[in-house]
Structures are given as structure tokens and as C-alpha cells.
Amino acid sequence: MPETMSTSGCHELWQSALPQLAESVGHAACDSFLRSAEVLDYDGDIFVLGVANEFARDWLTQRHLSAINACLSELADKPVHVQMQVVEALQPPAEAPATSGQVVKPVTVTFGSTPLNPKYSFENFVVADCNRFAHAAAQQVSKSPGKSYNPLFIHSRVGLGKTHLLQAIGHKVTEHNPNAQVIYISAESFVNQIITAMRDNRTAEFRRKYRNVDVWLVDDIQFIAAIEGPASEEEFFHTFNTLYETNKQVVIASDAPPRHLQIMNDRLRSRLEMGIVADLRCPDVETRIAILDKKAQAEGLNLAREILGYIAEKIESNIRVLEGALLKVCAHVSLTDQPLSVPLVEEIIADYSIASSPQHRLSIQYIAEYVADQRNCSLEAMLGPKRNQEIVWPRHLAIYLTRELTDSSLAAIGQFFGGRDHSTVLHAYTKVSEKIETDESVLWDINEYKRALQAQ
Ligand code: ADP
Ligand code: MG
């Protein structure tokens, strides 16, 4: 590198830094601020960058300066120090050509919803123990949005049906009431829109957009804090409060429960915890088979049970991956005339590996003691033979929670709860499941018990 660069040299340096910066500062911020920035000067040490407004200058300086410095230093092969200056002439319109002559992709300028995928309906959702609670809460919310479970917070690892449930709520609400304003948006697009709004001085318009929303479905909220930090989190909190305080329904999906979210705002966190918090867990093999069967039928394919069983055994922990494997098998069927067999399927989906990571699990003893304590009955009575109502209901609750929160088999649960057989366990579980669907107070109780137990 020469000591002082030609003007085009420093423009090239800047252009070659952009793709890497998009990774480190986030695509949203990069599209909004960095692509429209202009190199004003570079003396081999100080690199002066013109940006469109004070907001952009402060945002970039406070949050991303070291990343930008590091990136340019690496490319220039010597230390580079960036300084930002506001250049009024760089104000949007967004479709203005960039300095290099490339046309900048216009940034999203309309605020609002992402369309719903028609496939993600309640009808297409297979209900099983791993998702029964979340499903019941989602159903309830779509019947009377804003009335009962607000906010509803659904969390799970990736590929277990959060987006599907969120969108199912959206479909159901609009089906009941075509005039209802439903917004489904990923936290990432929300942040994108906020950045656009702030950059273009359109925050008032942005906020107005949310004033008439009836149901706000926010997906992957973990990105709120992870991508851009406090400013977007603040705006999210503002929107959340506006809706919540006017009894509008908020449903949130996340990869972690509220207490594990990386957010700064404790008031936001406690608000998120105040509603119903429901998790989705990995489906057991029977459920995986049922899901595969349903998807295969939707693809117009009837697969033998042993083939469904093979795929379901092989892929445990992610329904999206399960579907991917199935689609690969379907594609093979439509492209060749080979009859399917287990060895052939094994070959087709050879690259899919069994990937499951055990979740932290509670002990049965702990759960039983906790419930006994909450319901003012003795553990001894709970595990004993008595069948009067004061003792049967707490026993049912404890059995339900054990099945939800542990990997214990029906037989093991029955054994613990006083040597009862597996059908008694199943009966208790079903009783509580049914109550959850009809009795709000039971759903709230279970919500609270799960929260407390999982906080251990
Ligand atoms: P997440 O948002 O949790 O990552 P998705 O909602 O995108 O997961 O689900 C991944 C895929 O699995 C989707 O195609 C979805 O339709 C499917 N899926 C998840 N749960 C179920 C279920 N219970 N029944 C049927 N399909 C499901
Ligand atoms: Mg999702």
C-alpha cells in the first residue's frame, strides 16, 4: 500500500470493506448507514467518512467504530483510524446512486407486516405432548385476542414450530375477523424498519403504524438486542407498551425464555414474563412420524410406515430438518421410478445426522415436592393411595408437570407416584391437559409452576 492513497484507492478500500462490515455491524445498519456513506479523506492514518445525519454518526461511532477500524486496518495492512462527519448532501432518497457508481438497493420503506405463509395454519399443526400447552394458549389467544393471555411468549430451540404457531394465530384471527389488523414481523425486520425510520426522520410515522394494530406477532425476538442494541430495544419496548396498555394482543417467539434473553431493559423482561410463557420441545418419535405422515400426504405421497419410522428415528431434534429429509426423499421419488425401501432412504438421507442435545432436566422428586408445597398437601399423601379430591388434583398436576419437564417414562412416573400403572399416569396427564384448554386459572397455574421449576 502506498503511503497516501489516491482518491479512488480509498474508495476501493471502503468498497472492499463493506461486505465484511455487513457481517460485523449487521446487514440492516450497513444497508442504512454505511452503503450511503462517502469517503471524504484518507491521509494514510485518519480515514474521514461522511455520513447522512447525526443519528448515523453517533450510532456508528458508539457501537461500531472499533469494528470499522479493525476491518479497514486489516485491509490496508496498517492502523486506520476512522472519523465520522455529517454531510447533509448524503440525506436520502434511498435510491440515490452510491459513490462508486453502483446503484444502492432501496431500503425497505414501508413499515409493517410480512405476509403469512398459508401452510402455517392450526390445521397443519400436529398437536402432541411436546407442544400441547403452547398450542392451547395459541388457540385461546386467537379466539379472544388481547383478552386473556397477554403477552403470549413462545420459546424453543430452532425448528420446533414457533413461527408456525405465531402465523397460525394470525390466520385464525383474520379468519374470525377480516378487519382485524394483524402484523407478523421478525424482530430483524422490525429493527430494519426502526433504523430506516430513524435515519429518515420518520419515527412518528413508524409509531403511528402500530397504533391501530390488534395483534402483533413478533418472531425471533432474540435479535432485538443481539443485532443493534439499546435503541432498537427501546423502540421495541415503546411499541410493546403502546399495544399492551391498550389491550392489544402481543405474541412473541424466541429461542430462549425471557430470563435468558440478552436484553438490557429489565422492565421489558419482567413484562415479557408476566403473561403466558410456553415452550415447545422436541417431539417424540410417534409425533415425528405423525408430522412426516401429514407432510408426505400434503406432497401427495403415501409413504410406508417403516420408511416414515426410519426418517423419524434418524432425525430427532428439529422438525425443519425432518421436513428437509422428507422433501429429499419425495424429490427422489418424483425424479426416479425406483421403489422406496429403507436402505434406499438411508442412502438418500445419509448426510442427515442424528443431532440432539439433552436439555437440562428436573428430578421427579423435586417437582412432586414443589407441587405438594404449592397445593398445601403432604408429599406422603400425594404418593399414597388416597383418592379424595384435595389430594387427587395436586397429584394430577405433579404428574402432568413431571411428564412435561422430565424425560421419565410413564412407567417410571407411575412407579414414583406410589406404584401406579402407566394408564393412571396418562389419565392424570390428560385430565390436566383438558383442564388447561377449558379453565384459564389452570393454565395460569401451570404457567407459574413451570416458570418456577425451570428457574431452578
Ligand atoms: P421455529 O420457528 O421454531 O424455528 P418453524 O415454525 O419454522 O420453527 O417450524 C419448522 C418447520 O416444522 C415448519 O415447516 C413447520 O411447519 C414444521 N412444524 C413444526 N412444528 C410442527 C407441528 N407440530 N406440526 C406440523 N409441522 C410442524
Ligand atoms: Mg422461526
**Prompt:** Roughly how many whole Å is it from the C-alpha centroid of the stretch 12-63 to that of the stretch 285-332?
**Reply:** 46
**Asked** Farthest toward the dipole's positive end in the chain, which of 446, 18, 159, given Cβ charges of +1 (Lys, Arg) and -1 (Asp, Glu) about the Cα centre?
**Response** 446
**Request:** Take the Cα radius of gyration of the stretch 285-356 and divide it by 2.2 N^0.38 Å, with N its residue count; two decimals is plenty.
**Result:** 0.98
**Item:** Convex hull volume per residue for the stretch 132-279, taking Cα atoms only, in Å³
**Value:** 97
**Prompt:** Taking neighbour counts of Cβ atoms within 10 Å as a proxy for exposure, in what order, fewest first, do 39, 250 appear?
**Reply:** 39, 250
**Model label zone, residue 85; criterion: amide N under 16 Å from point 7 Å along Cα-to-beta-carbon; scope the stretch 29-57** = 37-54, 57
**Item:** Where labels lie 7 Å past Cα in the beta-carbon direction, separation of residue 176 and residue 212 in nm
**Value:** 2.1
**Fill in**
FRET efficiency for residue 202 and residue 352 from the Cβ-Cβ distance with R0 = 45 Å, rounded to 0.05, comes out at 0.50
**Request:** Only helical DSSP H runs with n ≥ 4 go in: add -39500 (n - 2.57) per run for the chain, normalise by residue count and round the 222 nm mean residue ellipticity to 500 deg cm²/dmol.
**Result:** -16500 deg cm²/dmol
**Fill in**
Expected unfolding gain across residue 286-residue 388 under the 0.36 nm per residue rule, minus the alpha-carbon gap, is 33.3 nm
**Message:** Along the Cα→Cβ direction, 7 angstrom out, place labels at residue 374 and residue 119. What is the inter-label distance in nm?
**Reply:** 3.7
**Alpha-carbon gyration tensor eigenvalues x 5, square-rooted, for the stretch 214-360, Å** = 41, 16, 14
**Asked** What is the helix-to-structure angle for 187-199, meaning the angle in degrees between its Cα long axis and the longest Cα principal axis of the chain, kept from 0 to 90 and rounded to the nearest 10?
**Response** 30
**Request:** Return the whole-Å distance between the Cα centroid of the stretch 360-431 and the Cα centroid of the stretch 130-151.
**Result:** 25
**Message:** Only four residue types carry charge here, +1 at the Cβ of Lys and Arg and -1 at the Cβ of Asp and Glu. Report the dipole size of the chain about the Cα centre in Debye, rounded to the nearest 20.
**Reply:** 1640
**Prompt:** Given the convex hull of the Cα atoms of the chain, what is a quarter of its surface area in nm²?
**Reply:** 26.9
**Item:** 0 to 90° range, to nearest 10: angle between helix 305-314 axis and the chain longest Cα axis
**Value:** 60
**Prompt:** Residue by residue through the stretch 203-209, which ³J(HN,Hα) values in whole Hz follow from phi under the Karplus form 6.51 cos²θ - 1.76 cosθ + 1.60 (θ = phi - 60°), with glycine and proline marked x?
**Reply:** 4, 4, 5, 4, 5, 4, 3
**Prompt:** Once phi is turned into θ = phi - 60°, what whole-Hz ³J(HN,Hα) does the Karplus curve with 6.51, -1.76 and 1.60 give for every residue of the stretch 74-87, x standing for Gly and Pro?
**Reply:** 5, 5, 7, 6, 6, x, 10, 10, 8, 10, 9, 10, 7, 10
**Asked** Want the number for residue 16 to residue 78: 0.36 nm per residue separation, take away the alpha-carbon distance, what's left?
**Response** 20.8 nm
**Request:** Give me the distance in nm between label points sitting 7 Å out from Cα along the Cα-to-Cβ direction at residue 306 and residue 335, one decimal.
**Result:** 2.5
**Asked** Which length gain, in nm to one decimal place, applies between residue 58 and residue 27 when the Cα-Cα distance is subtracted from 0.36 nm times their residue separation?
**Response** 9.4 nm
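Every read-out reported here was derived from the displayed coordinates using simple, explicitly stated rules and does not represent laboratory data. All figures in this text were calculated on a predicted structure; none of them were measured in a lab. Every residue, glycine as well, gets a Cβ built from its backbone with ideal geometry; the counts of neighbours run over all protein chains shown.
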